[in-house]
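Q: Please find one structure pasted underneath; my questions will follow.
Values in this text are rule-based calculations from the coordinates and carry no lab data. Because the structure is predicted, anything quoted here is derived from the model rather than measured. For neighbour counting, all protein chains shown are included, and Cβ atoms are generated from backbone atoms with ideal geometry for every residue, glycine included.
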Amino acid sequence: MPIMPDDNILNSRMSGLYGRQKGKKLGVYQRELMENQFPKFSLDIAALAAQNHIFEKEYSSLQLEIGCGGGEHIVHIAMLNPDVGYIACEPFENGVAKLVRECAEKDIKNIKIYKGNAMDIITLMPNECLSRLYILYPDPWPKWRHRKRRIISSAHLIKFARILKKDCELRFATDIDDYSAWTLSKIIKSNLFMWSANEARDWLLPWENWIQTRYECKALSEQRRPAYFRFFKK
Ligand SMILES: C[S@@+](CC[C@H](N)C(=O)[O-])C[C@H]1O[C@@H](n2cnc3c(N)ncnc32)[C@H](O)[C@@H]1O
């Protein structure tokens, strides 16, 4: 059954998966954007579930970003690659409002936004439909007892592998060393992905066409060093 984007359902299903859904109250302009512009960019979940077109035109491939925050990265790559369709997932309302503003002001046609838990729509996606999946600076959940809430888990890797095409990438960035080690160990154990790095610069330097996200700027200002991983679906 398609997941309805109803806040109450989402709140109850997703509690524990991530930190905040609401932050500072939206200002008048942001509220107007959410009322008037968000519907234009909002992902049609029924169409996704029915494997119908989710964009107004056809794109050469589809990519997904989980936890896009204010959308700095996805807007940047969507503008660089107008022939690719993108789905941006973010439950945090203030982040979504910022992304909607960017999409409206830049008249972006190749991004659809899902305001909610990415795992809900991943369940609805057909096998091998994605050419890339981005997870950039996911919530670190540093306390030991909270680690099961991390978006990288053995169960989620199986779901990510199902929707990615063979040889296509899961790109993962974090500034938390323990999250890097955690992810590498889950990736290796899964046996579903190949890690492409040969030398340290392969994970210490950002990918081509990288743009700093809001969270990365914060990490750097607090002297934490980012790591950038590319995992290829076997
Ligand atoms: C630390 S922030 C990083 C945001 C952005 N990627 C950046 O680099 O600035 C992590 C984001 O992931 C979102 N998030 C957490 N769990 C999620 C989930 N299950 N589905 C979609 N987004 C999620 C959070 O709401 C938050 O905005």
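Q: Using the crude model of +1 on Lys and Arg Cβ and -1 on Asp and Glu Cβ, and no other charge, please compute the dipole size for the chain relative to its Cα centre, in debye to 20.
A: 860
Q: Rounded to the nearest 5, what % of the DSSP beta bridges within segment 79-234 are antiparallel ones?
A: Looking only at bridges with both residues in segment 79-234, the antiparallel portion is about 45 percent.
Q: Can you pull a Stokes-Einstein diffusion coefficient for segment 150-212 at 37 °C (0.692 mPa s), Rh from Kirkwood over Cα pairs, as a whole number of µm²/s?
A: The calculation lands on 255 µm²/s.
Q: Count neighbours as other Cβ atoms within 10 Å of each site's Cβ, and list the trypsin sites (Lys or Arg not before Pro) in segment 140-177 that are DSSP loop with at most 13 such neighbours.
A: Lys143
Q: Over the residues of the chain, compute the C-alpha Rg and express it relative to 2.2 N^0.38 Å.
A: Compactness ratio reported: 0.97.
Q: Note down the magnitude of the dipole of segment 62-186 about its Cα centre, charges +1 on Lys and Arg C-beta and -1 on Asp and Glu C-beta and zero elsewhere, to the nearest 20 debye.
A: It works out to roughly 540 debye.
Q: Further question on the same structure: Would you be so kind as to identify which of Ala46, Asn209, Ala197 lies farthest towards the positive end of the dipole of the chain, taking Lys and Arg as +1 and Asp and Glu as -1 on Cβ and the Cα centre as origin?
A: Ala197
Q: Tell me, what are the semi-axes, in whole angstrom and largest first, of the equivalent ellipsoid of segment 103-178 as set by the roots of 5 times the Cα gyration tensor eigenvalues?
A: Working from the Cα gyration tensor, I get semi-axes of 24, 18, 13 Å.
Q: Right, here's the next one. Jot down the per residue volume, in cubic angstrom and as a whole number, of the convex hull over the alpha-carbon atoms of segment 21-84.
A: 123
Q: Now a separate question. Of Ala219, Tyr86, Asn36, whose Cα points farthest to the positive end of the dipole of the chain (charges on the beta-carbon: +1 Lys, Arg; -1 Asp, Glu; origin at the Cα centre)?
A: Positive-most Cα among the choices belongs to Ala219.
Q: Follow-up. What dipole magnitude, in Debye to the nearest 20, does segment 183-234 give about its Cα centre under +1 on Lys/Arg Cβ and -1 on Asp/Glu Cβ?
A: 260
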